[in-house]
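**Q** What follows is a structure written as structure tokens; I'll ask about it next.
Only the coordinates and a few stated rules stand behind these numbers; no lab work does. Because the structure is a prediction, the values reported are computed rather than measured. Here the Cβ positions follow ideal geometry from the backbone for every residue, glycine too, while neighbour counts run over all protein chains shown.
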């Protein structure tokens, strides 16, 4: 288990040794058929894109003979078929997509060369139905690939022993495991934005839009800002109200949620990585450990079930609007 804050290098701490240890030797890059070497399980699609970017950068810099594939709900049927016939050395996928692979005819041959599985953001998966999916998949993969190595990654885990036992199963019983903890501590400044008066506010059901005038100066004063809302409809409303109130932000503000096309989501993520957006109004589609280093401020509109993961992100400031 690797336990370290978001943005401290957890992804590379596993990608580098995995690729160097299992780097396949090939004579022609046009005829690579080494088989699947590593699986990286992620909880959300936005995180899979970031891991793919990191892996490709590593392969380029170290001149490695690895190919990277991503299999999520966005992957086309043609691309899935191509991956199954000639699997990449590294496959980045979600728990649901991994289970689909395990039900396909010939899956035992597909996984026979597998060396290592990484479960990213394990604290988020553990204890959920998706975590059970990962447990079942790992149990099956152990029988298909003897000697399989299993790694978990987490920024926030309080019950380390239980998380290890859940992830490793028999490996934990045999005490065949290691825990790598980071000593890095990040300072997070938490500020609550409250209305000037609350007498006229309803008890529930409002959007906090009356606080937009207080949010706009924060956006303009930060390099990049993520504005989290609890639903897609809230994201749409906040995005349009921000443009109505501050039209000068047009072209510098974007929106990101699961109902937006893959092409648009990819564009927004790329622009965030490059620091070209002042703000993105989003839902949990951009949560769970996605590290956009240019982002300085995170704003959560209302109460959040995702507060823990937000507070551990690599942000300089975490702002909560007190509208709920």
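**Q** For the stretch 150-274, what does the alpha-carbon gyration tensor say about shape, rounded, prolate or oblate, given a ≥ b ≥ c as the root eigenvalues, a/c under 1.5 as rounded, and a/b over b/c as prolate? Intermediate results must be reported in sequence, preceding the final value.
**A** Values: a/c = 2.41, a/b = 1.93, b/c = 1.25.
Cα axes put the stretch 150-274 in the prolate bin.
**Q** If I take every Cα pair under 8 Å that is 6 or more residues apart in the stretch 2-181, average their sequence separation and divide by the length, what percent do I get for the relative contact order? Mind showing how you got there, number by number?
**A** Working: 244 pairs, mean separation 52.0, N = 180.
Worked out over the stretch 2-181, it gives 29 percent.
**Q** Of the peptides 248-259, 143-154, 34-45, how do they stack up when ordered by the mean number of other Cβ atoms within 10 Å, highest first?
**A** Numbers: 248-259: 15.8, 143-154: 17.5, 34-45: 22.7.
Sorting 248-259, 143-154, 34-45 by mean packing, highest first, produces 34-45, 143-154, 248-259.
**Q** I've got another one for you. For the stretch 212-299, what does the relative contact order come out to in percent, with C-alpha contacts under 8 Å and a separation of six or more? Could the numbers behind the result be given before it?
**A** Working: 127 pairs, mean separation 40.8, N = 88.
Relative contact order comes out at 46 percent.
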